[in-house]
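Some notes on the structure that comes next.
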Amino acid sequence: MSDQDIEFRLWAPLHDEVLLNIEGATPEAMKRDDEGWHRLRKPRAEAALRYSFTLPDGLEVPDPASRFQPRDVHGQSEVVDLSSFPWKSANWHGRPWEEIIIYELHIGTFTKEGTFQAAIAHLDHLRDLGVTAIQIMPVADFPGGYNWGYDGVMPYAPDSSYGRPEDLMALVDAAHERGLCVFLDVVYNHFGPDGNYMPNYAPLFSPHHENPWGQGLNYDDEQSEHVRAFIIQNAIYWVTQFRFDGLRLDAVHAIVDDSDEHLLSELARRVRAAVTDRHIHLIVENEENDSDLLSRDAEGKPERFTAQWNDDIHHVLHIAATGETFGYYKAYSGDDDKVGRALAEGFAFQGEHMPYRDEERGKPSAHLPPTAFISFIQNHDQIGNRALGDRMQTYAPETALKAITAIYLLAPQIPMLFMGEEWGSRDPFRYFCDFDEDLNQKVRDGRREELSRLPGFDGENVPDPTAKETFIASKLDWSKVGDDKATELLGFYKTLLDLRKRHIVPLLTKIVPDTTRYDVRDGIVTVHWGMEDGATLRLIANLSEKNGETETDATTGGELFSLGTISAKAISPWAVHWTLQPA
């Protein structure tokens, strides 16, 4: 047996026999062990690049851990040697979390070409903008030619429509050369509805748990150790083989696991143990606002997850700027206190009853550092889940948008931009997917039903989410970056991000959470973040269209940034004032 051999293997405990099909060769029987693993070694020189497995009923299936699917999810898998990639940024050690400014993007719509290689051409723009990290929406292979990425079925294989695995490596490498971290969005709560063959040969799903997509994954039942290993090794795979700087785990509240050690805890522990020579950051999306996932140790370091996407901050700022109170915004409307609380303490709901969901939501979060929360005013969900996928630039006043931008980009939470936001792109970002016709129709019907709950929507004027033109319309038009309005807004964003780098980032490790306080009166928001040395970072903002008065002298302290007109105790509509007051 040579080191150059290739071991083909498939965990198929539901079958006694499995055949290996190497393209152009006669199928061969694999050897099964007691745990249900079927294995066969072949000399590398004799092994063709593409292969699949045949089950006893004749069903031909790809490798669930395939590294590349050149003919999409139903085709054969391709053997790929990732160890030979010529990394140029071998000395990259990442960035401390306090320096992170995230830019979320979707590979298929970030550029006209929609590929990993095409994205590289815009990395200089992102570096010059002042962001320090890009977060890529899921790339796990999905069926069809376009998808948001949350319908992936082959978690180890970057979708072939974006390019080869080596192209994704080149994108990560190029980003690191420019000082940019790269995070990957991963989905461990469900598999997509088309192309997931694993239930045909292994107990992937649990009969005891359900989530919004159907049966939950088997993380705690019989033979679950193999399912857990499949997922945890995937997380390790991305941060080691592709050198991602971290992961964003989608909808972790939908991961049900009754094991002694929850999958999330084991995953975080093992990922951090796998990479010790550079910074690794783990992000969660969690509708339940479970602050326990964000706990810190005695030194203030994350015990499991670094930060969470904070929908609460988005919702309160969105309502302030747009006046919209439908859907989930309704639970936050009419309560100005929620604005101050989300900025000062992270979660707006910390165990209180939430009317929209008719349940208690969240746990206390004031004890956590502000950097445990990621704030944003736009992202793929908040734009794409609107009926028309319209961005805030198309329906919110410019003065209001600039005000909430000046708040979230300079606040101590970690900020996240959505692609095109920085120049005021008016290109929609719509929900899109590409299944077979039966599934496509179900998606269309489900989309209409979901959106019909919104006031004023008749359920008929929503773009077809399965149409290619819906996908094409969501692509960024980079030719608009040079327009006068775009140039002016881009300069505004650059100014704010430069201020953040010079004045806010150095303060982030010094903030004492228990000293943070806030006050909200008649649309005037005041927040104080106390420092270890007694200094205070202060925000005063008027989130309304009328002139206001402040309780304290707004002009005291060293001014960091000012938008609008502010005097001693008067503040104009949509004015924002940041100061650093010494001890």
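The values are calculated or read from the model by the stated rules, or taken from the named source; none is laboratory data. All of these numbers come straight from a predicted model, not from anything done at the bench. Note that each Cβ is placed from the backbone with ideal geometry, even for glycine, and that neighbours are counted across all protein chains shown.
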Can you pull out the helices (runs of 4 or more DSSP H) entirely within the range 314-425 that have at least 1 residues that are among the hydroxyl-bearing types (Ser, Thr, Tyr)?
398-408
Among the candidates 336, 381, residue that is more than 26 Å from residue 489 (Cα to Cα) and of a type in the set (Asp, Glu)
336
Being of a type in the set (A, V, I, L, M, F, W, C), surrounded by fewer than 21 Cβ atoms within 10 Å (Cβ to Cβ) and free of Cβ contacts under 8 Å to residues at least 60 places away in the same chain is the requirement here; does residue 274 meet it?
yes
Could we say that residue 76 is more than 20 Å from the chain's Cα centre (by Cα), buried (at least 20 other Cβ atoms within 10 Å of the Cβ) and of a type outside the set (Phe, Trp, Tyr) here?
yes
With respect to residue 150, is the statement that it is under 21 Å from residue 431 (Cβ atoms), out of contact with any Ser or Thr (no Cβ under 7 Å at 6 or more places or on another chain) and either at pLDDT below 95 or among the hydroxyl-bearing types (Ser, Thr, Tyr) (or both) true?
yes
Using the structure shown, decide if residue 521 is touching a residue at least 12 places away in the same chain (Cβ under 8 Å), out of contact with any Lys or Arg (no Cβ under 9 Å at 6 or more places or on another chain) and either surrounded by fewer than 16 Cβ atoms within 10 Å (Cβ to Cβ) or polar (S, T, N, Q) (or both).
yes
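Collect the residues in the range 431-462 that are modelled with pLDDT of 90 or more and of a type outside the set (A, V, I, L, M, F, W, C), keeping them in residue-number order.
Filtering the range 431-462 for residues modelled with pLDDT of 90 or more gives 431-444.
431, 434, 436, 437, 438, 440, 441, 442, 444, listed by residue number.
Does the range 303-311 include one or more residues that are part of a helix (DSSP H, G or I), modelled with pLDDT of 95 or more and either on the phi < 0 side of the Ramachandran plot or hydrophobic (A, V, I, L, M, F, W, C) (or both)? Please lay out each step first, then the result.
Taking the range 303-311 and keeping what is part of a helix (DSSP H, G or I), we get 311.
When the remaining residues are screened for being modelled with pLDDT of 95 or more, the result is 311.
From what's left, either on the phi < 0 side of the Ramachandran plot or hydrophobic (A, V, I, L, M, F, W, C) (or both): 311.
Within the range 303-311, one or more residues are part of a helix (DSSP H, G or I), modelled with pLDDT of 95 or more and either on the phi < 0 side of the Ramachandran plot or hydrophobic (A, V, I, L, M, F, W, C) (or both).
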Would a scan of the range 528-538 turn up a residue that is more than 22 Å from residue 499 (Cβ to Cβ), of a type in the set (Asp, Glu) and at pLDDT 90 or above?
no
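Looking only at the range 215-232, filter to residues that are without any contact (Cβ under 8 Å) to a residue 60 or more places away in the chain and assigned to a helix (DSSP H, G or I); which one of those is surrounded by the most Cβ atoms within 10 Å (Cβ to Cβ)? Lay out the reasoning, then the answer.
Filtering the range 215-232 for residues without any contact (Cβ under 8 Å) to a residue 60 or more places away in the chain gives 215-222, 224-225, 227-229, 232.
Still in the running and assigned to a helix (DSSP H, G or I): 224-225, 227-229, 232.
On the way: 224: 18, 225: 13, 227: 22, 228: 20, 229: 13, 232: 19.
Filtering first and then ranking leaves 227.
Where residues in the range 345-403 are among the aromatic types (Phe, Trp, Tyr) and surrounded by fewer than 15 Cβ atoms within 10 Å (Cβ to Cβ), which of them is farthest from residue 452 (Cα to Cα)? Working first, answer last.
Our first condition is that a residue be among the aromatic types (Phe, Trp, Tyr); within the range 345-403, this holds for 347, 349, 356, 373, 376, 395.
Those left that are additionally surrounded by fewer than 15 Cβ atoms within 10 Å (Cβ to Cβ): 356, 395.
Details: 356: 16, 395: 20 Å.
Of everything passing the filter in the range 345-403, 395 is farthest from residue 452 (Cα to Cα).
Checking the condition among the charged types (D, E, K, R) and either part of a loop (DSSP other than H, G, I, E, B) or in contact with a Leu (Cβ under 9 Å, 6 or more places away or on another chain) (or both), which residue from 151, 173 passes? I'd like the intermediate steps shown before the answer.
Numbers: 173 fails: either part of a loop (DSSP other than H, G, I, E, B) or in contact with a Leu (Cβ under 9 Å, 6 or more places away or on another chain) (or both).
Exactly one of 151, 173 is among the charged types (D, E, K, R) and either part of a loop (DSSP other than H, G, I, E, B) or in contact with a Leu (Cβ under 9 Å, 6 or more places away or on another chain) (or both), namely 151.
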Filter the range 99-133 down to the residues that are farther than 13 Å from residue 181 by Cβ, of a type outside the set (A, V, I, L, M) and part of a helix (DSSP H, G or I) and list them by number.
108, 109, 110, 116, 117, 124, 125, 128
Within the range 537-547, tally of residues that are surrounded by fewer than 20 Cβ atoms within 10 Å (Cβ to Cβ) and not basic (Lys, Arg)
3
For a quick check of your reading: which strands (runs of 3 or more DSSP E) sit entirely within the range 470-561 and have at least 3 residues that are of a type in the set (A, V, I, L, M, F, W, C)?
524-530, 536-542
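Counting only residues that are assigned to a loop (DSSP other than H, G, I, E, B) and either surrounded by 16 or more Cβ atoms within 10 Å (Cβ to Cβ) or in contact with a helix residue (DSSP H, G or I) (Cβ under 7 Å, 6 or more places away or on another chain) (or both), how many does the range 248-271 have?
Result for the range 248-271: 6.
Of these, 408, 395, which one is under 25 Å from residue 123 (Cα atoms) and either in contact with a Phe, Trp or Tyr (Cβ under 7 Å, 6 or more places away or on another chain) or among the aromatic types (Phe, Trp, Tyr) (or both)?
408
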Among (1) under 30 Å from residue 16 (Cα atoms); (2) at pLDDT 95 or above, there is one condition residue 249 misses while meeting the rest; what is its number?
(1)
What are the residues in the range 1-18 that are over 38 Å from the mean Cα position of the chain (by Cα) and at pLDDT 95 or above, if any?
16, 17
Can you tell me which residue among 273, 268 is within 20 Å of the chain's Cα centre (by Cα) and over 18 Å from residue 102 (Cα atoms)?
268
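Determine whether residue 204 is at pLDDT 95 or above and more than 27 Å from residue 443 (Cα to Cα).
Details: at pLDDT 95 or above: yes; more than 27 Å from residue 443 (Cα to Cα): no.
Considered against the rule, which asks whether it is at pLDDT 95 or above and more than 27 Å from residue 443 (Cα to Cα), residue 204 comes out as no.
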